[in-house]
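The values are calculated or read from the model by the stated rules, or taken from the named source; none is laboratory data. Predicted model only: the values in this text are computed from it and were never measured. Cβ sites come from the backbone with ideal geometry, for glycine too, and all protein chains shown count toward neighbours. Calculation scope for accessible area: heavy atoms of the full protein, side chains included, ligands and nucleic acids excluded. Shrake-Rupley method; radii C 1.70, N 1.55, O 1.52, S 1.80 Å.
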Amino acid sequence: MGVAGAPPYGPHMATLHIEHPITDYGTWRTAFDRLADVRRNAGVVDGRVSRPVDDPNYIVVSLDFDTTEHATGFLRFLETRVWASPAAAPALGGRPRTAILEPEALTIV
């Protein structure tokens, strides 16, 4: 039995995928939470924060947007206003790796 078709969230959904090392999760989370309104105003409609089970000092963030343009705009904001400033990104432990992803239809057999 397979499941096929368009994703339920629409054809134009884009995800900004971010991953990077951190120096302290509590500090990182406080800084991340301070930007909740900024994320919402930039068009983030959903998101997830994950940490590898074998590396508590690494973060993977997925932020969903309605369009790739919103995702790209928010990435530019992060690059120029947040990650460029140690005060704005106090627990950033290395250069973030990013990708803007678009969903593909999937059939599960």
- Gyration tensor on Cα atoms of the range 38-90, a ≥ b ≥ c root eigenvalues, a/c under 1.5 rounded, else prolate if a/b beats b/c, else oblate, says oblate
- Note on the structure: In whole angstrom, largest first, the equivalent ellipsoid semi-axes that the Cα gyration tensor gives for the chain are 27, 17, 11
- Query: Which cross-chain or sequence-distant (5 or more) residues have an amide H under 5 Å from the amide H of ASN57, H modelled 1.01 Å from N in plane?
  - Reply: none
- Please list ILE108, ILE59, ILE100 in order of solvent-accessible area, largest first, computed with a 1.4 Å probe with all protein chains present. ILE108, ILE100, ILE59
- Once the dipole of the chain is set up from charges on Cβ (+1 Lys and Arg, -1 Asp and Glu), the residue from the list ILE18, PHE32, SER85 lying farthest towards its positive end is SER85
- ³J(HN,Hα) across the range 97-108 via Karplus (A = 6.51, B = -1.76, C = 1.60, θ = phi - 60°), whole Hz, x for Gly/Pro? 9, 9, 7, 9, 10, 10, x, 10, 4, 10, 10, 9
- Note on the structure: Probe 1.4 Å, all chains present, heavy atoms only: VAL45 accessible area in Å², nearest 10, is 80
